[in-house]
Amino acid sequence: MYYLLFAICYVISLLPFPVLFFISDICYVLVYHVFGYRKTVVMANMKQAFPEKSEEEIKILAKKYYRNLTDMMVETLKSLSMTKAQLREHVICDLSPLHRLYDQGRSCQLHLGHNFNWEWANLYCMQDVKFPFLVVYMPLTSKPADRLFRYFRERFGSVLIPANDMANSMKDWNHKQHLIALVADQNPGNPKSCLWYPFLNQMTPFYKGPEMSARRSNTPVVFVDIRKVKRGYYTIDMKVMFEEPQNEPPGKITETFVNFLEKNIREQPEVWVWSHRRWKHKYQEDQQ
């Protein structure tokens, strides 16, 4: 099953971008207008996040989001056969902050959100950084699909760290210089062990783990801002936000990231993933 899936996806990935984006246009019609994939979730999330917007404005924003979602789908498929040179044509990023930290002999944490196209950001960074590049990911239920995603995420040299076995998987890296990428806006499984902050007009839980790890090992924290310039083209901005995390009070790193992420989302809301159930958990006063 895996080889059949890989062959189909690989053949599609060889298509030129104009053809891929034509496929994306068709997928958009099917996903939004025909099947209405998670449309109820998307509309509810957007209405809660942007109460100042009218019903018509929310619909326009939702349509833009779905167009970007299907673009992300075909761009991800393209990753199976993209060369490093092609990637550099479509992504612009200054990696000098990471080079500086490496030259200082330090490890590094990247904190980012689910902004399109985080998969290309992953591929771009791993091909030019000097660090061993670790990427935390959640294994997929489907074994063929999980194997396929592992292939294109690892094809330029990154090391995948399963989120459900992170402590064990990190044992070999804790005392080695490395860079680890953390998509830090995931919906926590256990909100009681999280930090809660106002985020997009509602109290929202965030994992403590990234901050605790950074403070414990005094690993510099870099925030990643991904912006879509136009169809198929992105810029990535990296900023070292906390050079000495051990000097920061508890909660400071997480709160700063939450504010950073919300600012980015409000400036380009159509490129953040609205179709996941981010607010399944309700805030209780004793959880903070």
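Since every read-out is calculated from the coordinates, none of them should be taken as a lab result. In this text, all values refer to a predicted model and were calculated from it rather than measured experimentally. Reconstructed Cβ throughout: ideal geometry from the backbone, glycine too, with neighbour counts over all protein chains shown.
Length, then width, then depth: along the principal axes, the Cα atoms of the range 213-259 run 41, 18, 13 Å. Of all the options Leu200, Leu87, Leu30, the one that moves most in a Gaussian network model of the chain with Cα springs shorter than 10 angstrom is Leu30. Each distinct pair of alpha carbons in the range 1-81 adds a 1/r term; the inverse of their mean, the Kirkwood radius, is 14.0 Å.
Oblate is the label for the range 176-268, because the ratio a/c of its alpha-carbon gyration tensor axes (a ≥ b ≥ c) is 1.5 or higher and a/b is not greater than b/c. Sequence-distant contacts, meaning Cα pairs under 8 Å at least 6 residues apart, place the relative contact order of the range 1-81 at 54 percent.
Classify the range 56-128: rounded, prolate or oblate, from the alpha-carbon gyration tensor (a ≥ b ≥ c, eigenvalue square roots; a/c under 1.5 rounded; otherwise prolate if a/b is larger than b/c)? Since a/c reaches 1.5 but b/c is at least a/b, the shape of the range 56-128 is classed as oblate.
What residue among Asn247, Gly157, Leu61 has its Cα farthest toward the positive end of the dipole of the chain, where the charges are +1 on Lys, Arg and -1 on Asp, Glu, each on the Cβ? The residue sitting farthest along the positive end of the dipole is Gly157.
Relative contact order of the chain, taken over Cα pairs closer than 8 Å and 6 or more residues apart, is 24 percent.
For the chain, hydrophobic long helices are taken as DSSP H runs at least 30 Å long by C-alpha position along their axis with mean Kyte-Doolittle hydropathy of -1.0 or more; these are 55-78. The label point for Arg106 and the one for Phe6, both projected 7 Å from the Cα toward the Cβ, are 4.0 nm apart. Measuring nothing but alpha carbons in the range 1-137 and taking Rh as the Kirkwood radius, the Rg to Rh ratio lands at 1.04. Gyration tensor analysis over the Cα atoms of the chain returns equivalent ellipsoid semi-axes of 29, 26, 18 Å (largest first, whole Å). Convex hull volume of the Cα atoms of the range 8-53, normalised per residue: 113 Å³. Simple spin-label estimate for Lys59 and Ser96 gives 4.8 nm between the two label positions (7 Å along the Cα-to-Cβ direction from each Cα). With the Cα gyration tensor of the range 86-229 giving a ≥ b ≥ c as the square roots of its eigenvalues, does the rule (a/c under 1.5 for rounded; else a/b larger than b/c for prolate; else oblate) give rounded, prolate or oblate? Rounded, because the longest to shortest axis ratio a/c is under 1.5. For the cross-link pairs Lys39/Lys64; Lys84/Lys130; Lys78/Lys263; Lys208/Lys263; Lys192/Lys282, the ones whose C-alpha atoms lie over 18 Å apart are Lys78/Lys263; Lys208/Lys263.
Using the Cβ-Cβ distance between Glu154 and Glu89 with R0 set to 25 Å, the FRET efficiency works out to roughly 0.70.
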